[in-house]
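S.K.: I have a structure here, written as C-alpha cells, and I will follow up with some questions on it.
Taken together, the values in this text are just the output of simple stated rules run on the coordinates, not laboratory data. Only a predicted model underlies this, so the values are computations on that prediction, with no experimental measurement involved. Cβ placement follows ideal geometry from the backbone for every residue including glycine, while neighbour counts extend to all protein chains displayed.
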Amino acid sequence: MLDTTQEIFKIFSDKNRLRIFKLLERRRMCVCELAYVLGVTQPSVSRHLRKMKEAGLIETEQDGFWSNYFLCKGNKAQEDVACCIKKLLKGDKIIKSDLKKLEKVDRTKLCCK
C-alpha cells in the first residue's frame, strides 16, 4: 500500500499530469485533445499518459481512429488520493481555464488534418 501511494504521489508531482487528471475527470480524451488544451506537444502528453497508465491511474480504449484515455475506477488508494486532489484543485485558475478550453475542443478538427 505504501509503495502504491508513493507512486501515485510521484505521478501527481507534475503540474501537467495534475491537469490531465482533472481533464479526464470530465470525459475520455485522446492525445491530440489533451495536447491542445494543455498547450504542449503530443509526445509530451504521451509520456505523461504512459506514466499515469503504469501507475494504474488511467486506462485506454481504442475508438476507431482514436485511443481514448480515461480514469481507472476500483483502486481504493488511488481513489482516496484522487479525492484529495479534486478538493485541492477546486477553483484553481489554470484548471478552470483548461476546462473552459475543453468545451471548445473538436477532435475531428485537431486530429484529422
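S.K.: Scan the range 52-60 and give yes if some residue there is assigned to a loop (DSSP other than H, G, I, E, B), in contact with a strand residue (DSSP E or B) (Cβ under 6 Å, 6 or more places away or on another chain) and surrounded by 13 or more Cβ atoms within 10 Å (Cβ to Cβ), otherwise no. Before you say what the answer is, go through the steps one by one.
M.R.: Within the range 52-60, the first condition is being assigned to a loop (DSSP other than H, G, I, E, B), and the residues that meet it are 55-57.
Next, from what is left, pick out any that are in contact with a strand residue (DSSP E or B) (Cβ under 6 Å, 6 or more places away or on another chain): none.
Taking every residue of the range 52-60 in turn, none turns out to be assigned to a loop (DSSP other than H, G, I, E, B), in contact with a strand residue (DSSP E or B) (Cβ under 6 Å, 6 or more places away or on another chain) and surrounded by 13 or more Cβ atoms within 10 Å (Cβ to Cβ).
S.K.: For the range 4-14, enumerate the residues that are under 13 Å from the mean Cα position of the chain (by Cα) and without any contact (Cβ under 8 Å) to a residue 60 or more places away in the chain.
M.R.: Residues satisfying the conditions are I11, D14.
S.K.: Shifting gears a bit: Within the range 74-88, can you find the residues that are under 14 Å from the mean Cα position of the chain (by Cα) and without any contact (Cβ under 8 Å) to a residue 24 or more places away in the chain?
M.R.: Correct list: empty.
S.K.: Here is a follow-up. Is it the case that L49 is surrounded by 15 or more Cβ atoms within 10 Å (Cβ to Cβ) and over 18 Å from C111 (Cα atoms)? Break it down stepwise before answering.
M.R.: Working: surrounded by 15 or more Cβ atoms within 10 Å (Cβ to Cβ): yes; over 18 Å from C111 (Cα atoms): no.
It is false that L49 is surrounded by 15 or more Cβ atoms within 10 Å (Cβ to Cβ) and over 18 Å from C111 (Cα atoms).
S.K.: Given the conditions (1) touching a strand residue (DSSP E or B) at 6+ places or on another chain (Cβ under 8 Å); (2) within 17 Å of L110 (Cβ to Cβ); (3) assigned to a helix (DSSP H, G or I), report the number of the one that F21 does not fulfil.
M.R.: Exception for F21: condition (2).
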